[in-house]
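The values are calculated or read from the model by the stated rules, or taken from the named source; none is laboratory data. Just so it is clear, the structure is predicted and the values come from calculations on it, not from any experiment. Glycine also receives a Cβ, built like all others from the backbone with ideal geometry; neighbour counts cover every protein chain displayed. These accessible areas exclude ligands, DNA and RNA; they are computed on the full protein's heavy atoms, side chains included. Shrake-Rupley method; radii C 1.70, N 1.55, O 1.52, S 1.80 Å.
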Amino acid sequence: MVYLYLAIAVVVVAVLLVAAFVVPRRRGRIAPPPAPPAAPALDEKPAVVEAPDTPVIAPPPTVETPEPVAGRLVRLRARLARSQNSLGRGLLSVLSRDRLDDDAWDDVEEALLTSDVGVGATTEIVDRLRTRTKVLGTRSEGELRALLAEELVTALQPDLDRTLHSTPTGDRPAVVMVVGVNGTGKTTTCGKLARVLVADGRTVLLGAADTFRAAAADQLQTWGARVGAETVRGPEGGDPASVAFDAVREGTERKVDTVLIDTAGRLHTKVGLMDELGKVKRVVEKQGPVDETLLVLDATTGQNGLTQARVFTEVVDVTGIVLTKLDGTAKGGIVISVQRELGVPVKLIGLGEGADDLAPFDPEQFVDALLG
Ligand code: GDP
């Protein structure tokens with residue numbers, strides 16, 4: 001019996017030994033977990049491991065998914081708060097006075113002029129509102145709001161074509177040129193626009209033709225990298241036209257949908273600007289037409305901005321306006337005067353410094369946001 005117990009014990013020990021040594025070795029492709037570091041002896045000082053000054057391995061760039069374009073103006077409507085107070089609410093409070101006498105109409109006129117609606121459009125809006133409120137006997141607040149909204153939308157010329165021409169034709173990518181005075185938000189707008197296009201499912205290549213400011217090219221490249229769009233750049237101080245040309249050629253070779261070209265906007269001399277921009281456009285056109293030329297204007301600069309804008313429209317055939325910095329200005333009426341004076345539709349508006357704070361312009365939604 002004892003021998004039997006001994007034999008069983010030997011067998012059990014043998015099985016355990018095999019399990020402990022043989023099986024792990026046969027599964028040897030799995031790396032063993034690292035042995036825990038030996039505890040330092042009590043009198044031993046721990047070694048100081050210094051972190052390197054710069055990380056050795058840069059993290060891979062994370063490609064972001066931009067926000068969908070539809071509904072952006074609705075999301076950003078609160079950003080028009082200052083224009084809402086001065087123009088929207090101001091007008092509504094005057095219009096809902098008991099008596100709409102000459103003084104009241106003077107106040108309406110003033111509110112429109114102060115918010116940069118411009119003289120021509122202001123006169124038209126006031127005349128039409130005067131006539132319509134007279135004809136309409138009862139004037140409930142709702143009716144007045146509707147009348148005002150209609151007149152503002154009409155002044156914004158809702159029938160203008162605001163499509164962004166960014167669809168490729170055959171083998172050729174669409175070429176979008178972005179022009180404007182430095183500081184208006186041109187490079188930022190290029191970056192945001194790249195996101196708008198990517199959000200719409202397009203592939204984009206950026207051209208940093210503002211070769212006078214290395215920072216502008218860096219800034220553009222950073223914006224592009226965030227949405228996986230590459231940037232063609234040239235040497236600092238190099239020829240902007242040749243960068244623009246290279247960008248279109250690269251874009252064609254890589255079969256991207258849209259090539260977006262950021263240009264320099266130094267307004268030192270009108271002649272210099274004309275020469276440079278005109279050349280960029282001519283050189284690009286050797287490969288095909290420029291589909292869209294967007295002029296970036298800073299909404300806070302008012303009439304001054306309009307004067308600058310005219311210079312650009314003399315040089316290049318501007319097909320659309322991007323009005324930036326409409327957040328935090330009481331002069332939202334500038335959308336109306338810009339379109340009337342330049343005869344070019346506002347296609348996009350900038351409502352903040354955030355990456356997705358650029359919205360397609362829609363007259364009805366804009367007026368709705370203005371009136372609160
Ligand atoms: P550029 O010299 O014309 O290329 O101008 P930048 O693109 O460098 O922009 C100038 C400044 O305007 C930057 O601080 C931008 O963040 C800011 N900016 C651009 N667009 C907007 C906008 O819609 N709203 C606000 N608040 N700031 C903007």
Per the 1/(1 + (r/R0)^6) rule, R0 = 35 Å and r from the Cβ atoms of residue 163 and residue 239, FRET efficiency to 0.05 is 0.65
Going by Cα centres, segment 295-361 and segment 143-187 are how many Å apart? 9
Lys/Arg Cβ at +1, Asp/Glu Cβ at -1, dipole of segment 278-370 taken about the Cα centre: which of 352, 339, 280 is farthest positive-ward? 280
Taking the simple approach of a point 7 Å from Cα along Cα-to-Cβ for both residue 253 and residue 103, what is their distance in nm? 7.3
In nm, to one decimal, how far is the residue 93 label point from the residue 286 one, both placed 7 Å along Cα→Cβ? 6.0
From zero up to wherever the largest Cα-Cα distance of segment 177-239 sits, split into 10 Å bins and tell me the percent of pairs in each. 24, 57, 19, 1
Sites residue 82 and residue 154 - FRET efficiency at Förster radius 22 Å, r taken between beta-carbons, to 0.05: 0.40
Theoretical FRET efficiency, 1/(1+(r/R0)^6), r = Cβ-Cβ of residue 304 and residue 215, R0 25 Å, to 0.05: 0.55
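Mind checking the dipole of segment 155-270: about its Cα centre, +1 per Lys or Arg Cβ, -1 per Asp or Glu Cβ, Debye to the nearest 20?
240
Under unit Cβ charges (Lys, Arg +1; Asp, Glu -1), what dipole magnitude, rounded to 20 debye, does segment 174-366 have relative to its Cα centre?
220
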Straight-line reach from residue 347: which lysines have a Cα under 19 Å away, not including same-chain ones fewer than 8 places off? 186, 192, 325, 331
Note, segment 304-317: 3J(HN,Hα) by Karplus (6.51, -1.76, 1.60, θ = phi - 60°), whole Hz, Gly/Pro = x, goes 4, x, 5, 4, 4, 4, 4, 4, 5, 5, 6, 8, 10, 7
Order by protection proxy (mean Cβ within 10 Å, highest first), peptides 172-182, 307-317: 172-182, 307-317
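Probe radius 1.4 Å, ligands and nucleic acids ignored: give me the carbon and sulfur share of the accessible area of segment 72-155 as a rounded percent. If you can, show how the numbers build up before the last one.
On the way: 2160 of 4360 Å².
Roughly 49 percent of what the probe reaches on segment 72-155 is carbon or sulfur.
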As an exercise, take the mean of 1/r over every pair of distinct alpha carbons in segment 72-155, invert it, and state the Kirkwood radius in angstroms. 13.3
Let me understand segment 174-366 better: what is its radius of gyration from the alpha carbons, and its Dmax, in angstrom? 15.4, 46
Residue separation times 0.36 nm, minus the C-alpha to C-alpha distance between residue 123 and residue 141: what's the value? 4.2 nm
Within straight cross-link reach of residue 286, meaning Cα distance under 19 Å, which aspartates and glutamates are found once same-chain residues fewer than 8 apart are removed? 171, 239, 246, 250, 253, 257, 262, 275, 276, 317
Considering the Cα trace of segment 219-315, what is its radius of gyration and what is Dmax, both in angstroms? 14.6, 43
